[in-house]
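The values are calculated or read from the model by the stated rules, or taken from the named source; none is laboratory data. Predicted model only: the values in this text are computed from it and were never measured. Quick reminder, even Gly has a Cβ in these numbers, built from the backbone with ideal geometry, and neighbours come from all protein chains shown. Surface areas here come from the heavy atoms of the whole protein model, side chains and all, with no ligands, DNA or RNA. Shrake-Rupley method; radii C 1.70, N 1.55, O 1.52, S 1.80 Å.
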Amino acid sequence: MLPQPLQKVQRTLRQHKEEILHSFKYEGYTNGPVEGTNNKIKVIKRVAYGFRNFANFRIRILLALPNTYIAINWKNKQAARVKVQARAA
C-alpha cells in the first residue's frame, strides 16, 4: 500500500489518464496562438478604455493583429464588398 500523499497522486493520474495520453498523442498542437491573441485583445481593452464605440475598438484590434484569422477574414469581406459596389456602379 502506498503512503497517503502518493495515493492521492495515483488517484489524480487515473482520473486524468485520457487527457494525459492525449497530451502525448497530440504533442504538436497548442493553443498558444489563441491565448496570445486573447491576451493582446485584453491589453488593448485595458489601454484603450474610453473608445467611443465598438467599431473603433474592433479596428484597433485588427490593426494590432494583422495576421490572425479575424483580420484576414475581415479583409476578405472588405474586398468582397468593394467588388459588389463596383458591379453595382
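Overview of results
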{"item": "Enumeration of residues in the range 15-43 that are open to solvent by less than 100 Å² (accessible area, probe 1.4 Å), polar (S, T, N, Q) and in a helix (DSSP H, G or I)", "result": "23, 37, 38, 39"}
{"item": "Pairs where the first residue, in the range 1-16, is acidic (Asp, Glu) and the second is not in a loop (DSSP other than H, G, I, E, B), C-beta under 9 Å, 6+ apart", "result": "none"}
{"item": "Residue 46 being exposed (fewer than 11 other Cβ atoms within 10 Å of the Cβ), assigned to a helix (DSSP H, G or I), at pLDDT 85 or above and under 22 Å from the mean Cα position of the chain (by Cα)", "result": "yes"}
